[in-house]
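The values are calculated or read from the model by the stated rules, or taken from the named source; none is laboratory data. These numbers come from a predicted model, not from an experiment. Here the Cβ is made from the backbone with ideal geometry for all residues, glycine too, and neighbour counts use every protein chain on show.
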Amino acid sequence: MTTRIAEIWVGLFVAAGIAALFMLAMQVSNLSTYNSDSGYDVTAYFEDISGLKVRSPVTMSGVRIGRVKSISFDKERLSALVTMEIEGEYDTLPDDSSASIYTAGLLGEKYIGLEPGAGSNDCEDITLDDSGEIKIEESTDKDCKPSTLQQGSEIKLTQDSLVLEKLIGQFISKFLDDDKKDTAK
């Protein structure tokens, strides 16, 4: 009877371990937070996306607002085209926002960080007053809305991924060049 109780406890322990491993795998793969409900797609071109993957987070101010949907190579521009799916609740991002590729920690995963732009606001009337000073007033047009990122928008201002190997190579090459100059004197 005691061996049967011990076998049941071992079985429960193994089942709990398998469930914990499954939960860990879901967290690491980012599948548990992936949803394709009512979002919109925006694109950006990067010269170097080293380490960026599909389903990598897209963040703004440290908050995940979307995911990388696809990565492809544009033969005409000779650069990487990254399509990001932004969640629908974040529909007020200015159309002049910028995108940069960052690394989470020293050796962590890559993600895209968005920085909001000033926003090209067509809702302001800019005029000069009698003294030549610039005067900005709210537009009287009631249908006026600030320009925001929409389905299919392109983020024009981008910053490439920082590659640690390239930085080390540049540092060593600079160090060797300086050393050669010193020995030549």
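Here are a few things to note about the model shown:
- Scope the range 78-110; condition over 17 Å from residue 153 (Cβ atoms) and part of a loop (DSSP other than H, G, I, E, B); matching residues: 78, 104, 105, 106, 107, 108, 109
- Subset of the range 43-90 [more than 17 Å from residue 160 (Cα to Cα), of a type in the set (Val, Ile, Thr) and surrounded by 17 or more Cβ atoms within 10 Å (Cβ to Cβ)]: 65, 86
- Looking only at residues of the range 26-55 that are hydroxyl-bearing (Ser, Thr, Tyr) and modelled with pLDDT under 90, we find that the one that is farthest from residue 87 (Cα to Cα) is 50.
- Among (1) out of contact with any Gly (no Cβ under 6 Å at 6 or more places or on another chain); (2) at pLDDT below 80; (3) not acidic (Asp, Glu), the one test that residue 23 misses: (2)
- Residue pairs whose Cβ atoms lie under 6 Å apart, separated by 6 or more positions or on different chains, with the first residue in the range 50-70 and in the same structural domain as residue 87 (by TED's automatic domain parsing) and the second of a type outside the set (Val, Ile, Thr) and assigned to a loop (DSSP other than H, G, I, E, B), are 50/161; 55/30; 65/87; 65/90; 66/87; 67/55; 68/56.
- With respect to the conditions (1) surrounded by 10 or more Cβ atoms within 10 Å (Cβ to Cβ); (2) modelled with pLDDT of 70 or more, residue 132 falls short on a single one, namely (1).
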